[in-house]
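Have a look at the structure below before the remarks.
The values are calculated or read from the model by the stated rules, or taken from the named source; none is laboratory data. Computed from a predicted model, the values in this text were never measured in an experiment. Cβ: placed from backbone, ideal geometry, glycine included. Neighbour counts: every protein chain shown.
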Amino acid sequence: MASMRDIKRRRGSVQSTQQITKAMKLVSTVKLQKAKQRAEETTNYFDAMYRTVQGMLAKSGNINHPYLNPSNSSKKLVIMITSNKGLAGGYNSNVIKLITQGDFKREDVMISAVGKKGKEYMARTEYQIVADHSDLIDYPLYENARQIAKEALDLFAKGEVGEIYLAYTHFKNTVSHIPTLIKLLPVEADQNVQQTEEDKIPMNFEPKEEEALQLIIPTYITSLIYGGMLESVASENGARMQAMDSATSNAEEIIDKLTLQYNRARQGAITQELTEIIAGAQAIS
């Protein structure tokens with residue numbers, strides 16, 4: 001059985017850890033409110049952008065454009081958004097699993113990392129890291145997303161990659177965060193989007209289809225990346241808040257158990273001392 005000193009030392013250590021988890025939960029709660037507000041303020045724009053482009057593709061018929069046609073390259077670029085810090089439950093590992101446990105072959109995958117945790121894991125498991133934008137995830141800006149999109153589009157235009165994907169965590173609400181993998185290029189019409197009779201009317205482009213898509217698609221992809229970054233930041237702080245709340249509750253349970261053990265050990269020590277005093281007194285008499 002552990003001594004009173006050992007129990008007391010362990011209880012003090014757990015109490016110190018609990019103070020840290022409480023502080024981290026508080027910080028994550030504040031950050032979550034700000035990140036949630038940013039994500040919610042821009043959701044309508046990204047949804048409108050998505051519906052607009054999907055509506056255009058549904059009305060356009062067959063257009064011969066590089067952004068819409070598969071290339072000959074088997075390489076797949078994955079823009080993977082994780083965090084720069086840990087202690088967020090399964091937040092980072094769930095995004096990683098989208099790639100490592102999906103249908104991608106390791107030799108065909110190229111990673112554009114947004115977040116140190118994802119980059120470090122993929123590098124350890126020998127995935128090819130072609131870009132590191134980890135510093136941009138701390139406070140995402142639209143210009144950051146434009147930079148990432150431009151690099152990805154350049155690789156696609158050169159024929160170095162045949163497909164581009166975005167792996168991030170969709171922020172549904174404070175307690176629900178959904179790991180999501182979407183295909184950015186070649187752009188495909190979403191078959192799940194319901195079309196009205198008006199949507200089936202062919203669309204005429206001005207300027208020509210190629211010129212219009214050359215302007216629209218990069219903005220579309222930039223918007224999806226930026227939206228993914230904002231939702232990921234909100235999801236990260238939500239996941240960390242939950243993880244720290246669970247850690248604080250677990251620490252409280254451990255402290256209660258250790259307190260009970262300490263009291264039992266203390267009572268046992270007092271009983272032992274009394275027994276020895278009584279035995280000594282009887283021996284003298």
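When the residues of the stretch 67-115 are filtered to those that are part of a loop (DSSP other than H, G, I, E, B) and without any contact (Cβ under 8 Å) to a residue 12 or more places away in the chain, which remaining residue is nearest to VAL187 (Cα to Cα)?
Applying the filter and picking the extreme gives ASP103.
Just to check your reading of the model, which residue among SER71, SER112, SER134 is more than 21 Å from TYR226 (Cβ to Cβ), touching a strand residue (DSSP E or B) at 6+ places or on another chain (Cβ under 9 Å) and surrounded by 17 or more Cβ atoms within 10 Å (Cβ to Cβ)? Give the derivation first.
Numbers: SER112 fails: more than 21 Å from TYR226 (Cβ to Cβ); SER134 fails: more than 21 Å from TYR226 (Cβ to Cβ).
Of SER71, SER112, SER134, the one residue that is more than 21 Å from TYR226 (Cβ to Cβ), touching a strand residue (DSSP E or B) at 6+ places or on another chain (Cβ under 9 Å) and surrounded by 17 or more Cβ atoms within 10 Å (Cβ to Cβ) is SER71.
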> From the list GLN18, GLN33, which one is part of a helix (DSSP H, G or I) and surrounded by fewer than 16 Cβ atoms within 10 Å (Cβ to Cβ)?
Replying inline: GLN33
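Could you tell me whether the stretch 142-154 includes any residue that is buried (at least 22 other Cβ atoms within 10 Å of the Cβ), under 15 Å from the mean Cα position of the chain (by Cα) and of a type outside the set (Ser, Thr, Tyr)? Steps first, answer last, please.
Kept after step one, since they are buried (at least 22 other Cβ atoms within 10 Å of the Cβ), are these residues of the stretch 142-154: 145, 148-149, 152.
Then keep just the ones that are under 15 Å from the mean Cα position of the chain (by Cα); that gives none.
For the stretch 142-154, residues buried (at least 22 other Cβ atoms within 10 Å of the Cβ), under 15 Å from the mean Cα position of the chain (by Cα) and of a type outside the set (Ser, Thr, Tyr): absent.
Could you count how many residues in the stretch 1-12 are of a type in the set (Gly, Ala, Ser) and either surrounded by 13 or more Cβ atoms within 10 Å (Cβ to Cβ) or modelled with pLDDT of 95 or more (or both)?
So the count comes out to 1.
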> For the stretch 229-285, how many residues are in contact with a Leu (Cβ under 7 Å, 6 or more places away or on another chain) and either surrounded by fewer than 19 Cβ atoms within 10 Å (Cβ to Cβ) or more than 21 Å from HIS177 (Cβ to Cβ) (or both)?
Replying inline: 0
>> Condition first: in a strand (DSSP E or B), surrounded by fewer than 24 Cβ atoms within 10 Å (Cβ to Cβ) and of a type outside the set (S, T, N, Q). Now tell me which residues in the stretch 165-182 satisfy that.
In response: TYR165, HIS170, ILE178, PRO179, LEU181, ILE182
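Residues checked against (1) at pLDDT 95 or above; (2) hydrophobic (A, V, I, L, M, F, W, C):
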| position | (1), (2) |
| --- | --- |
| LYS119 | yes, no |
| ASP138 | no, no |
| ALA157 | no, yes |
| GLU160 | no, no |
| THR169 | yes, no |
| LEU184 | no, yes |
| VAL187 | no, yes |
